[in-house]
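All remarks here apply to the structure that follows.
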Amino acid sequence: MVVPFVSLEPMHREIREELDAAYARVLDRNQFINGEECRNFESEFADYCGVKHCVGVANGLDAIYLILRAIGITNNDEVIIPSNTFIATALAVSYCGATPVFVEPSIETYNLDASRIAEKITTRTKAIIAVHLQGCPADMDSIHAIACDYGLKVIEDAAQAHGAIYKGRHAGALSYAAAFSFYPGKNLGALGDGGCITTNSTEIAEKVRALGNYGSDYKYHHIYKGTNSRLDEMQAAFLRVKLRYLDTWNASRRAIAARYLLEINNPSVHLPILVNQDYGHIYHVFAVRCNRRDELESALSLKNIGTIKHYPIPLHLQQAYKDLHIPKESLPIAEEISRTILSIPIYYGMKREEVDYVIDSVNAFRLL
């Protein structure tokens, strides 16, 4: 049996006719930027998240960057981010001329440990980016409490959290503004790159829209030194189709994850821990940890099971951030996660026997 790490084929096969119709609709209109499809998707996704505004942008990195620009993050500012996240979170801060300040995650949830934030706050700190890593919401109440004490803005990096729920509210509605990616492999993925921001602030929405349109509020009138970052009509049309199925696809992921959590019983393999029922995880990734991770990876590969290491080098040890002069072992939890983590297959359309095979193969792994 062959079980890929991810396959988009089952979902796309089921909605192929709707995707074809969306493509034809955009092609027939001959408007490919700033048209009806994008406006409709923005309205529909805002409604889904439970916010007033959604603004489509080119990708998830731009979404974070444009939010930071819109709230005034600039040279010499500092922004708190988790030490365990994808590099886009840090790059967005750097692009503003600010400094990302890494705070350790919880070893159990992989998300930002709110109890460690205060010790990293300085007079230069302006914001906290709460990453809902792997589809698990961050501890938003604790993060907001700290932000309130210090007068900081809270932003969500919801790039992996489409449909995740925290205390009855969707990711994207849990902060001042949130950034989403629609990279094809996301739970809500385009057929190319794409992203958006969500917010209840009309001011932020309007500023992000202008910043992503060359700093222009109307044609040939430029109020900011902006950039070009817009969600195109074709991707918006595809996303409108897929949004209608997102909850169904997420429910499928949760069902697979429930089996993994119940049936993987290898003492060498540590499973992710869901803190309580307030956290509606949507399992963009199902990541386990193992002290002999590379051996587990090889063992599963020999059984034709796809895996990915998210992420094998922590941000503070990446060459891109050597200018921060953060030595090895300074952020031991992030380093421990990077050294031991391995993501196993989870996607809509996995067959029961494929899930069985993954569970049996993980349980069969033995340390020598």
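For segment 193-211, filtered to residues that are within 21 Å of D47 (Cβ to Cβ) and not in a helix (DSSP H, G or I), the residue that is most open to solvent (accessible area, probe 1.4 Å) is N200.
Number of residues in segment 249-270 that are of a type outside the set (D, E, K, R), in a helix (DSSP H, G or I) and touching a residue at least 40 places away in the same chain (Cβ under 8 Å): the value is 6. Sub-7 Å Cβ pairs linking a first residue in segment 107-129 that is under 29 Å from L342 (Cβ atoms) to a second residue that is among the polar types (S, T, N, Q) and surrounded by fewer than 16 Cβ atoms within 10 Å (Cβ to Cβ), at least 6 apart or interchain, are A114/S142, ordered by first then second residue. If a residue has to be within 17 Å of P105 (Cα to Cα) and in contact with a strand residue (DSSP E or B) (Cβ under 8 Å, 6 or more places away or on another chain) to count, how many in segment 263-285 make the cut? Final tally of qualifying residues: 5. Count of segment 350-363 residues, restricted to those that are surrounded by fewer than 16 Cβ atoms within 10 Å (Cβ to Cβ), of a type outside the set (S, T, N, Q) and in contact (Cβ under 8 Å) with a residue 12 or more places away in the chain, is 1. Counting just the residues of segment 170-188 that are among the small types (G, A, S) and part of a strand (DSSP E or B), which one comes out surrounded by the most Cβ atoms within 10 Å (Cβ to Cβ)? The qualifying residue surrounded by the most Cβ atoms within 10 Å (Cβ to Cβ) is A179. Across segment 287-344, the number of residues qualifying as surrounded by fewer than 16 Cβ atoms within 10 Å (Cβ to Cβ), assigned to a helix (DSSP H, G or I) and β-branched (V, I, T) comes to 0.
Report whether or not V57 is out of contact with any Asp or Glu (no Cβ under 7 Å at 6 or more places or on another chain) and surrounded by 24 or more Cβ atoms within 10 Å (Cβ to Cβ). Here the answer is yes, as V57 does meet what is asked. Residues in segment 212-246 that are at positive phi and out of contact with any strand residue (DSSP E or B) (no Cβ under 7 Å at 6 or more places or on another chain): Y220 alone.
The values are calculated or read from the model by the stated rules, or taken from the named source; none is laboratory data. All of these numbers come straight from a predicted model, not from anything done at the bench. Glycine gets a Cβ as well: all are built from the backbone with ideal geometry, and neighbour counts include every protein chain shown. Just so you know, the surface numbers come from the protein's heavy atoms only, side chains and all, with ligands and any DNA or RNA stripped out. Shrake-Rupley method; radii C 1.70, N 1.55, O 1.52, S 1.80 Å.
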